[in-house]
Amino acid sequence: MTDRAVRRGDRRGAVLGRWKVLVEVRARLGGRRLRDSFVPILIAAGTASLAYWVSGHLLGHPLPMFAPIAAWVALGNTADRQLRRVAELGFGASLGVLLGEVFVQVFGTGVLQIGLVLLLSASVAKFLDRGVLLTTQAGVQSIVIVAMPATMLAGGALGRWSDALVGAALALLVTAALPISVTRRLRGLAREALGEIAALLGTLATGLRTGNPQLAADALAQGRASEPILDSWATAARSAREVVRVNPSLRGERGTVAELSRACTLTDRAMRNARVVSRRSVAAVQEGGPAPEIAVHVDSLAGAIGSLAAAVGRGDPPEDARRRLAAVASELAPERYADAGWRQQTLVSLLRSLAVDALQVSGMSRGEALDQLA
């Protein structure tokens, strides 16, 4: 076999290995999303079925399709349901049905009517409230009404509007009745995000120890594939801050939400640093071979961040993680690796930044974290 064929085979193996890592990370994240969302989806599906039954059997409406639609749209499929958001979506769906019904009775259906009813419903919704969700749902439901075949418009406008109101009301009732924890989802996302950093570092440590640049590249791919978790955490943190700001009964959670929001920013920074370390490790291993001394530090960081992920996810003080991180930080001295070359010194310098980020996630200030460095 020629050298060119060997290189081509190596490249093909690297690409396949990278795709394998991406698929594994996506499957792991998808499984976690499904576990987190299964109960909220089950609740929304049950509420939609109940809304259909109430409108169809108790109110006697022949085709109460807008009752389950309004319930499903208002509840959504995530665990962090806010009463205001549910009310906004439910009211928007009901408003859109009402405006669509009135518009059809006066102007009929057609191409021009679609644009006009959307203009009307969006304008009315924006006048009533600044929420984007309300305007969107009002427009969508009004389009559905106007675009429906005439044979499906039997039963009267009041019936379809009351169907939407039934669905929206049941969604509000379910949201108000179920207990809300603004921090539970944040802690779950924190555990996942920090766990992904620990997994990335574990893969990277093996690559550095064995001198396998493909494993270092796989670690980089893991970091890139886990970006959606950090995005979800940031979105959930913004939502939680809004909830505790307007809900007097949740004022006691403001400190915890602020702490987890700060941890989100720091974890995003730590993930970026971990990706940079992985990228530099690929070149370091390719040129210098195995780096077992650096691998020891990376492995220790992986274990400490894994402990941090568990503690933050449970809401426990991360004393063990902080102690382990401080021990690693005290060993990260680039000058000790002067004989090993500038690439290994660079890796140690990058690991110092990562250790500082992780120490800050554990609750230290930046100054306190910097004091732990060698």
Problem - Principal axis box of segment 182-372, alpha-carbon based, largest edge first, Å - result: 60, 32, 20
Practice task
Grab the Cα-Cα distance for ARG35 and ARG314, subtract it from 0.36 nm times how many residues apart they are, and report the gain in nm with one decimal.
Solution key: 98.7 nm
Exercise for the section: Obtain the nm distance between the two label points defined at GLU293 and LEU59 by a simple spin-label model: each point lies 7 Å from its Cα along the Cα-to-C-beta direction. Expected result: 7.5
Practice task
Could you order peptides 215-221, 49-55 by the average number of other Cβ atoms within 10 Å of their residues, highest first?
Solution key: 215-221, 49-55
Problem - Dipole magnitude of segment 309-373, debye to nearest 20 (Cβ charges: Lys/Arg +1, Asp/Glu -1, about Cα centre) - result: 120
Completion exercise
Between ALA283 and LYS126, the FRET efficiency computed from the C-beta separation at R0 = 51 Å comes out, to the nearest 0.05, as 0.45
Exercise for the section: Whole number in Å², please: accessible area per residue of segment 182-372, 1.4 Å probe, ligands, DNA and RNA not counted. Expected result: 42
Practice task
Determine the shape class of segment 276-340: with a ≥ b ≥ c the square roots of the Cα gyration tensor eigenvalues, call it rounded for a/c under 1.5, and otherwise prolate if a/b is greater than b/c, oblate otherwise.
Solution key: prolate
Problem - Most to least packed among 271-278, 307-314, 258-265 [average Cβ atoms within 10 Å] - result: 271-278, 307-314, 258-265
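The values are calculated or read from the model by the stated rules, or taken from the named source; none is laboratory data. Bear in mind that the values here come from a model prediction, so they are computed numbers and not experimental data. Methodologically, a virtual Cβ is constructed for each residue, glycine included, from the backbone with ideal geometry; neighbour enumeration extends over all protein chains shown. Note: areas computed on protein heavy atoms with side chains; ligands, DNA, RNA excluded. Shrake-Rupley method; radii C 1.70, N 1.55, O 1.52, S 1.80 Å.
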